[in-house]
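Let me begin by presenting the structure, written as structure tokens, before commenting on it.
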Amino acid sequence: MAIRSLSRQPSGVFWASWRDVFKFYFFLGTHSRRPKLFFLLSLVPLAMAIIFKGSQIIYGYPRFSGLFIYSNMIMMFFLQFLILLLTLFFGTSVCREEVEGKTLPYIVTRPLHKIAFLLGKYTAYTLLVSIMIIFSLTLSFIIMNLDRLGDLSLYKVLLRDGGVLLLGIWCYAALFTFLGVIFKKAIFFGLLFSFGWENIIQYFPGKTQKLAVVHYLKSLLPPLSQEGFPFLLFRLEPTPRGEAILILLGLTFFFLGLSCALFAGKEFIIEA
Amino acid sequence: MRAVVQTEKLSKYYGNVLGLSDVSVTIEPGVVGLLGPNGAGKSTFLKLITGQLKPSLGEVKVFGQPVWNNPHIFHQIGYCPEIDAFFPDLSGWQFLKEMLRLHHFPEEEARRRAEEVLKFLHLFGDKDRLIRSYSRGMRQRLKIAQAIAHEPQLIILDEPLNGLDPLGRRKVIRLIRRLGEKGQTVIVSSHVLPEIEAMTKRIILIHQGKIFAEGNIHYIRDLIDTHPHIISIKCDRVRELAAALVKEPEVIKIFFTPDPQEIQVETQQRDIFFDRLQQLILQLDLQVEAITSPDDNLQAVFDYLIGEK
């Protein structure tokens, strides 16, 4: 290798840092094994849809319409389980995988703005999750509504549900990114939040349910039908849609801002 | 000469644990060896001057600028960490190219540089293999590759010879010397004195988080030569050898060990002793199994120098 004098290179401005980090982690996300496993997991609702639809066609059971099953079971599976799990993994990974994988020295000794690094990686990973979820949601929706695909009004439901899930993904990912920056055991705290807090608080009566992120997501959806499920006594007291969207966006920016501020000022001790 | 790295009363504490204490040092262009036993504070010092750690007290300047949260300065810095960690799902080629992309090089330029440095470090043939299938020595060379591929003015190598075979070591030592000759500043840490000796004559001795001494390597050599060395020799006819060694003025003591084929010799003039030992081995036609120096590690030398022993 010829040793040359230092040539002038483009300065590590914020935008260049964000762009290069985004490209790198999006590339890494499509080439690593773990994201591939999560992609397979994201296809679980698709498998559910195939089973439901197959059962309907062959045995005529369950008797509910495809749209009913989609809205009450498949969409809820996305909303209350899948996006939480995927954003938990990818969101906490934004910071934690560099510390636990001990690759942080490669990142912090490059001309990258720390905040741009965090935002670039958050965007790359959240976009990956969004693609996985929207892909699986669309296919599940089509399969469950095979007999009504010509009905254009149906696609409004898909657009609405896709939008709700995207809002949820970006909000949860921001929250889990924050947990990844502040906690060593971010996955543990994330699991407690996802499957403890979120799944309990949302069913509390009155204003308490507003302390769960999922409350605002559910506020954007029509109330769940209790047809066939008369034992369900929990009642959502929805927040107006505009307010719910603003709160979700506010939470996303709040947790991202907090993550950036903490990440930029924090030193991470990588143990040999 | 201008200072490349300058620290002023630099200290680092990990909670109540001292990592580095009151270090004021100026490093100028060329190769500088950072020498100290394991746990001396070498890595802490290197992490502080690469902005990975924030000083608890004092300040660090690289090229006259503060380094903490100053991304622009990293165009001019290359860092090879001690830790053997990578993005495991990438090939050597992908890793290096992407690391160059993170330096904001355009795709074509990143490819060219990655190819050049992989060829230079004899990794080009294995460039498409996943890093996790690389040997330790290959991974070590890859870490060095990512530290030099963007041609920084300051290269910081934390224990770069770990895991390398003798041939690999020679190549890396030659590379480091060459970088120094070209006017780049290379800071190399090691706990093995001969490794540092092979690269440079300028050293900084670090021990228990403090700079113990700095300057020419002959200085530390002289210090070490005042330290009595114990050399263990395993061979046949050890008593015959002991009888011959007793007559040598540089030998202070001879110990017999429970092993009937081993003696330990204490000397204060190591180099002269080794010359004489070689002659005696040939003269007596001894079958030598091993010659080792049980206390010839830096910790023992440092302990002796600071008066702990």
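The values are calculated or read from the model by the stated rules, or taken from the named source; none is laboratory data. What you are looking at is a predicted structure, and each value in this text was computed from that prediction instead of being measured. Please note: Cβ atoms are built from the backbone with ideal geometry, for glycine as well, and neighbour counts cover all protein chains shown. Surface areas here come from the heavy atoms of the whole protein model, side chains and all, with no ligands, DNA or RNA. Shrake-Rupley method; radii C 1.70, N 1.55, O 1.52, S 1.80 Å.
Observations on the model:
- Gaussian network model of chain A, springs between alpha carbon atoms under 10 Å - residue of A:GLN202, A:GLN80, A:GLN56 with greatest fluctuation: A:GLN56
- Solvent exposure, largest accessible area first (probe 1.4 Å, DNA, RNA and ligands not counted), of A:ILE51, A:ILE107: A:ILE51, A:ILE107
- Relative to the longest principal axis of the Cα atoms of chain B, the long axis of helix B:92-101 lies at roughly 50 degrees.
- For chain B, the longest principal axis of the C-alpha atoms and the axis of helix B:107-120 are separated by about 10°.
- Ranked from largest to smallest solvent-accessible area, with a 1.4 Å probe on the protein heavy atoms, B:LYS97, A:LYS156 come out as A:LYS156, B:LYS97.
- Computed from the Cβ-Cβ distance with R0 of 22 Å, the FRET efficiency linking A:THR208 to A:ILE182 stands at 0.30.
- Note on B:THR292 and A:TRP15: with the Förster distance fixed at 56 Å, the Cβ-Cβ geometry gives a FRET efficiency of about 0.45.
- Contact surface B-A: accessible area buried, both sides summed, square angstrom, 1.4 angstrom probe: 4400 Å²
- Residue-level accessible surface for B:HIS218, protein heavy atoms, 1.4 Å, Å²: 100 Å²
- Inter-chain Cβ neighbour average for residues A:35-41, partner chain, 10 Å: 0
- Multiplying the residue separation of A:ILE131 and A:LEU236 by 0.36 nm and removing their Cα-Cα distance gives an extension gain of 34.9 nm.
- Cα shape, region B:120-243, gyration tensor, a/c 1.5 rule: oblate
- The heavy atoms of A:ARG148 offer some 90 square angstrom of accessible surface to a 1.4 angstrom probe.
- Projected label distance in nm at B:ARG132 and B:GLU109, using a 7 Å step from Cα toward the beta-carbon: 3.4 nm
- Counts of other chain beta carbons within 10 angstrom of each beta carbon in peptide B:96-103 average 5.
- Long hydrophobic helices in chain A: the complete DSSP H runs spanning 20 Å or more by Cα along their own axis with mean Kyte-Doolittle hydropathy of at least -1.0 are A:14-31, A:44-59, A:83-100, A:114-144, A:154-182, A:241-265.
- Heavy-atom accessible area ranking, 1.4 Å probe, most first, across B:PHE120, A:PHE183, B:PHE74: A:PHE183, B:PHE120, B:PHE74
- Mean Cα-pair separation over length for region B:154-296, i.e. relative contact order, pairs under 8 Å, 6 or more apart, %: 20 percent
- Within the listed set B:ASP126, B:ASP165, B:ASP259, the residue fluctuating most in the Gaussian network model of chain B (springs between alpha-carbon atoms under 10 angstrom) is B:ASP259.
- Annotation: the antiparallel percentage among DSSP beta bridges lying fully within chain B is about 65.
- Across chain A the C-alpha pair distances fall into 5 Å bins from zero in the proportions 1, 5, 11, 15, 16, 15, 12, 9, 6, 4, 3, 2, 1, 0, 0, 0 percent.
- Working from Cα pairs under 8 Å separated by at least six residues, relative contact order for chain A is 25 percent.
- Sorting the Cα pairs of the protein assembly as shown by distance into bins of 10 Å, from 0 upward, gives 3, 14, 20, 18, 15, 12, 8, 5, 3, 1, 0 percent per bin.
- Within the accessible area of chain B (1.4 Å probe), percent carbon and sulfur: 50 percent
- A:CYS95 accessible area, 1.4 Å probe, all protein chains in place, Å² to nearest 10: 0 Å²
- Based on DSSP H segments of at least four residues, each scored -39500 (n - 2.57), chain B has a per-residue ellipticity at 222 nm of -10500 deg cm²/dmol.
- In degrees, nearest ten, helix B:166-181 long axis to first principal axis of chain B (Cα): 60 degrees
- Between B:ASP222 and A:LYS266, the simple spin-label model (points 7 angstrom out along Cα→Cβ) gives 5.0 nm.
- Restraint check, B:LYS97/B:LYS201; B:LYS9/B:LYS97; B:LYS54/B:LYS182; B:LYS9/B:LYS201, Cα-Cα greater than 28 Å: B:LYS97/B:LYS201; B:LYS9/B:LYS97; B:LYS54/B:LYS182
- Inter-chain Cβ neighbour count for A:109-120, averaged per residue, equals 5 (cutoff 10 Å, partner chain atoms only).
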